[in-house]
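Before any comments, here is the structure.
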Amino acid sequence: MEILFAGGFLSLAADLAGPSAFLKRYAAGLVVAAALALSIAVLLSDWPSVLGGIVQLQPVKEPFASVYVVDRYTTFTAFTALVVGFAVVAYSTLYFESGRRGPFYALLSIMMCTLVGVVSAGDLLTLFLFWEGMTVSAYGLVTFGRGQLSMEAGIKYFFMAGIGSLLVLYGIAAVYFSTGSILIGSIGLSLTTSFGQLGFAVLLLGLGVEAAVVPLHTWLPDVYSASPIPTASVVSGAVTGVAVFGILKVVQPLVPGGGYLPPGLQPVGGTGAIELILAALALLSMTVGNLSALVQGNVRRMLSFSSVAQTGYMLAALSTMSAPGLVAAVFTIWNHGLLKSNLFMAIGKRGSTVEGSQLDSLKGAGRSDRMFGFLFGSSSLALMGAPPFGMFWSEILVIQALLFAGPAGTVFYLLAAAVVINIVLSTGYYFRVVNTVVFGETSGSREAVPRIDLLPSISLLALSLVTGIAPFVILGWVL
Amino acid sequence: MIIAAWLSWLLPLLGVPLVVLAARHSGRLGGWLAVALSGGSVAAAFYAALTLGASTTEGYTLWFPPLSVTLQVEVDQLSVLVGAFVSFVSLLVVVYSLGYLKDEPGQARYYALVMLFVGSMMGLVMSGNLIQFYFFWEVMGVCSALLIAFWSDRPAARRAGLKAFVVTRLGDSSLLVAVVFVAVTFGTTSFSTILGPGGIASLGTGTIFVLGLLMFIGSMGKSAQVPLHVWLPDAMEGPTTVSALIHAATMVNAGVFLMLRMYPMIALPQLSGSLADVILAVGALSALVGGACALAADDIKRVLAYSTISQLGLMFAAIGLGNLTAAAYQMVSQGLFKALAFLAAGSVITALGTREIDKMGGIAKLLKFTYAGFTVSILAMAGLPPLVGFWSKDAILSSAISAGLFPTLVLLAAFALTSLYGFRLLFRVFHGHPGEAVKSPSEPPLSMLVPIGALSVSILVAWYLIQAQPLLSSESWLPGPYALASSLSVIGASLAVAYFVYLSGYQRSAALIRSSRGLTSLRDLFHDGFGFDKVYGKAYDGALGPLASAVSRLQTGLVEANTALLLLAVGVLFVLFAVGVL
């Protein structure tokens, strides 16, 4: 309930933000930041009460009988999105120097609201509504740069996401057709008929567009590399994660120990095929993502393919259809969100254009700006799973989920092997960019970015460090 | 005692931020703070060693709840022995750094990474469970790669850091699977539980073998065993202090340490020695390959790196032969004499400004102190009694003699190679005619000489401590008379050969190698490290590179192509539905 209140509050803030942006540089940003901070506070105060299980809410009965669910996974992911969003808003107030900023903040806060909505939707139609809202606001944010490239990226994104939404809608219709219910919890029932299973698979595929699952990921590199930095930061850190959570959401009702099924009860209908589809998509995503990232000459494109690979790891965890898999996925969303958005913020203005984010033009940037070098280097190392940062534990959890499910099917052992091989592959390109950007010879003198601009990025890295050194603090909220 | 074990690794780790702050103020201050922290760690580790009673495990806080991991220390003979030795060498290397890195930029980064490394190595040694062990194992890997690339102005140093990271991660990923498998299977990774009767021993034979193999592959990466050894010679691009500390004395031992810790698994009767045989084979092969390459390398540090590969191979061979005490002592003695060799080599490199052996020579009288230290180190490496190397190597040989003729011959060949390259280095660097780099070299500052002196003394006296107490098993591990006789004759013969080939008749032997095609190609084979790098390079250029380019071409940037891919995915789904898979 409180989360929704917070979400509504955000929309309100967005309205306010529009006119105030003309008055003062920081006003709009501060309003949205305050709203996000309030949401985070509300979320935190409410958290202990959701640790027990799933709370189902229906705040409005008629005529829009939307249902919401709140449990540890939704709360944690909403928290992730809000933390990233907060950092991005703080960053944006420093990033934009001139021009109209009001609509940007408005869109951003609407997007935050839709992200929380997606995360806590309790029925498929509510999920779809917020999903569409997320897509539209993300489209607005991507094209905010107004350059030709960001327009092109925006159009590609809109096109792909549009088809994805159609598939989602079709899937929802099929599930409703076979069960007569659109509640998330009833998905288990839909799998009793083969038509329902097809619908569910199509639903997964549609959600997979936004989550950048290979072969539906093709819009992502353009969006990551051509949109304004704050957009790239929030899309990479929050939207991709929430989109994966969308998949998690429809998988969760099938998971023994996921909260929907009574303990010991298996889901209705044979789900082996769904697991296989998820496993195949996971394998494709991580392999294509990592291999493509190996040969990128542009840092932002490299980061986008690394996100595709990370989506693959999360899907691998989800494919096990087990409680450890859910924990692993949610925890990876958190770790990836912090680090990826922080990398974009660290790159900042020097990489705001495609030329500027080429590996060659960023070469040695960390040498002339030590703080940037430290941030960029640490975040890259952290992202490939080096301790003492949080991603290290994510990798362990993903493999744990796979090995845990191993006795149920050899495919999971093979997938675990694929994950570790992919992790090794990824070290190649992460370390390469560290070598070039942080340690490479400088081609000329560059100005150091003011320290305050790096503050949001530093805070996110610090959170990741805390997660790595004291994982029990963060994991206590999801277990 | 147990508090000391905690302090020995927490002290350097908690000190990292302080070192950064201090070193940003002044590099020297950061250095001295690092010395103080290392000193504290040494005191704690030695206190734990001296007051060791029964083996104890102590854990606090649920550190990583999903796998029920607590922060644990395990204090037993193995951990206190290795802990005391690691902290001791670390302290000396940090002291040496004060002089060696004087006026270098980037001291904050250097001392912070070194302290992080020392804390992690001590944390690894004291770890009570596999997850914690793996955590520190990975932190060390990061520190190692970043320190190799410390002089980042050099492209070679950056490449070497990358290579070290990728190659060791290959091994690490294997270890990761093994560790998580143990955690998932037993609900705990605590050594005392998984090595107990209800632990790994209760698994099927095939599972144990695969599990052991996965862990061993991890060890091979970290401890630079063939074929995962290729990163270590390149790692010599890092500062010599880093080579001495990480790539000779401490981190490279972590793989051996893991095998020692997990030895009850290797020795399980149902495996009937199969895992031990694999370890023995890899160890013996590495000992030979490393030794042969050390004979042909022309960079003083690369010689020492190949020598490390060879010596680590001997430790694995000892584990394969079941002589744990000999393996542990070989670890300690190799750490001491190799750290000494590197520190002395660092003083030579500082004095002459080159790493190439061909440009050195005839400096024995100019750098007397360094020469004395280096000689002690080479003699210990060759295994001359009563220096530390003798006891551990001959104990390994004794085990080989009782195991059969073949391992004995292989080990004797490795010993011969050790003496040969050791004396070659000694003669070519310090004796003979002065090379072109020799102008007017002088001894390094006191902060660099003191560690050289301290290590030399420790090599001279450590044998007394070692032979006084058989730490790891009550069985006699001391070398037998056959081992003594054969190894002494090998050392003598090698010394004679090295004298004629590399000192008195150097011009003649060099001409002989040049004129004989067979000898030239043999030397080139050794010099190129048996072509491992070329094979790996070809594998990348021929397979992975083209594959990556091909895959990246999927990204056309065309909306039509993207949509086609999407529709293809939907199509596949429908086909699956039609054929009844769904």
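The values are calculated or read from the model by the stated rules, or taken from the named source; none is laboratory data. Values in this document were obtained by computation on a predicted structure and should not be read as measured data. Don't worry about glycine lacking a Cβ; one is built from the backbone with ideal geometry, like all the others, and counts go over all protein chains shown. The accessibility values were calculated without ligands, DNA or RNA, using every heavy atom of the protein model including side chains. Shrake-Rupley method; radii C 1.70, N 1.55, O 1.52, S 1.80 Å.
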Looking only at the stretch A:292-311, and only at residues there that are within 10 Å of chain B (Cβ to nearest Cβ) and open to solvent by 10 Å² or more (accessible area, probe 1.4 Å), the one that is nearest to A:V354 (Cα to Cα)
A:R301
Residue that is open to solvent by less than 10 Å² (accessible area, probe 1.4 Å), on the phi < 0 side of the Ramachandran plot and modelled with pLDDT of 90 or more, where the choices are B:V80, B:V73, B:V118
B:V118
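Going residue by residue through the stretch A:441-453, is there one that turns out to be open to solvent by less than 10 Å² (accessible area, probe 1.4 Å) and either more than 9 Å from chain B (Cβ to nearest Cβ) or not hydrophobic (A, V, I, L, M, F, W, C) (or both)?
The answer is no, given that none of the residues of the stretch A:441-453 is open to solvent by less than 10 Å² (accessible area, probe 1.4 Å) and either more than 9 Å from chain B (Cβ to nearest Cβ) or not hydrophobic (A, V, I, L, M, F, W, C) (or both).
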I'd like to check something: does the stretch B:322-338 contain any residue that is under 26 Å from B:L214 (Cα atoms), out of contact with any Gly (no Cβ under 8 Å at 6 or more places or on another chain), open to solvent by 10 Å² or more (accessible area, probe 1.4 Å) and part of a loop (DSSP other than H, G, I, E, B)?
yes
Checklist (1) facing another protein chain (nearest Cβ under 8 Å); (2) touching a residue at least 60 places away in the same chain (Cβ under 8 Å); (3) open to solvent by less than 60 Å² (accessible area, probe 1.4 Å); (4) over 28 Å from A:V89 (Cβ atoms) applied to A:L475, failing item
(4)
Those residues of the stretch B:129-145 which are of a type in the set (S, T, N, Q) and assigned to a helix (DSSP H, G or I) amount to B:Q132, B:S144
Only unsatisfied item for B:T556, checking (1) within 8 Å of another protein chain (Cβ to nearest Cβ); (2) part of a helix (DSSP H, G or I); (3) over 24 Å from B:V166 (Cα atoms); (4) of a type outside the set (A, V, I, L, M), is (2)
Every residue in the stretch B:165-212 that is in contact with a Gly (Cβ under 8 Å, 6 or more places away or on another chain), among the hydrophobic types (A, V, I, L, M, F, W, C) and more than 22 Å from A:L414 (Cα to Cα), please.
B:F165, B:F191
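A quick yes/no check of all residues on (1) open to solvent by 10 Å² or more (accessible area, probe 1.4 Å); (2) within 14 Å of chain B (Cβ to nearest Cβ); (3) at pLDDT below 90:
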position	(1), (2), (3)
A:P230	no, no, yes
A:G237	no, no, yes
A:P256	yes, no, yes
A:G259	yes, no, yes
A:P262	yes, no, yes
A:A273	yes, yes, yes
A:L276	yes, yes, yes
A:S285	no, yes, no
Among the candidates B:A351, B:A345, B:A318, B:A305, residue that is among the aliphatic types (A, V, I, L, M) and under 17 Å from B:L397 (Cβ atoms):
B:A318
Return yes or no: is B:S202 more than 8 Å from every other protein chain (Cβ to nearest Cβ) and hydroxyl-bearing (S, T, Y)?
yes
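So which of A:E152, A:E132 ends up being part of a helix (DSSP H, G or I), under 16 Å from A:K249 (Cβ atoms) and acidic (D, E)?
A:E132
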Regarding B:T308, is this residue touching a residue at least 24 places away in the same chain (Cβ under 8 Å), among the β-branched types (V, I, T) and part of a helix (DSSP H, G or I)?
yes
All positions within the stretch B:60-87 that are of a type in the set (A, V, I, L, M) and away from every other protein chain (no Cβ under 14 Å)
B:V73, B:V75, B:L78, B:V80, B:L81, B:V82, B:A84, B:V86
Single residue of the stretch B:146-187 satisfying the filter (in a loop (DSSP other than H, G, I, E, B) and open to solvent by 30 Å² or more (accessible area, probe 1.4 Å)) that is nearest to the other protein chains (Cβ to nearest Cβ)
B:D153
Please tell me if B:G531 is on the phi < 0 side of the Ramachandran plot and open to solvent by less than 50 Å² (accessible area, probe 1.4 Å).
no
Failed item in (1) within 15 Å of B:A351 (Cα to Cα); (2) surrounded by 24 or more Cβ atoms within 10 Å (Cβ to Cβ), with B:P451 passing the rest
(1)
Has the stretch A:118-138 got at least one residue that is buried (at least 21 other Cβ atoms within 10 Å of the Cβ), of a type in the set (F, W, Y), in contact with a Gly (Cβ under 9 Å, 6 or more places away or on another chain) and modelled with pLDDT under 85?
no
Between a first residue in the stretch B:424-453 that is under 12 Å from B:F369 (Cα atoms) and touching a residue at least 40 places away in the same chain (Cβ under 8 Å) and a second residue that is of a type in the set (D, E) and surrounded by fewer than 22 Cβ atoms within 10 Å (Cβ to Cβ), which pairs have beta carbons less than 7 Å apart while being 6 or more apart in sequence or on different chains?
B:L449/B:E443
Considering the stretch A:212-226 alone, what residues qualify as being at the interface with another protein chain (Cβ under 9 Å from one of its Cβ atoms) and either without any contact (Cβ under 8 Å) to a residue 12 or more places away in the chain or over 14 Å from the mean Cα position of the chain (by Cα) (or both)?
A:V214, A:P215, A:L216, A:T218, A:W219, A:P221, A:D222
Reported set for the stretch B:559-570 where residues are farther than 28 Å from A:Q197 by Cβ and facing chain A (nearest Cβ under 7 Å) is B:V559
Pick out the one residue from B:L573, B:L503, B:L544, B:L525 that is surrounded by 13 or more Cβ atoms within 10 Å (Cβ to Cβ), in a helix (DSSP H, G or I), more than 9 Å from chain A (Cβ to nearest Cβ) and at pLDDT below 85.
B:L503
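Within the bounds of the stretch A:185-195, is there any residue that is within 30 Å of A:K349 (Cα to Cα), open to solvent by 10 Å² or more (accessible area, probe 1.4 Å) and either in contact (Cβ under 8 Å) with a residue 40 or more places away in the chain or part of a helix (DSSP H, G or I) (or both)?
no
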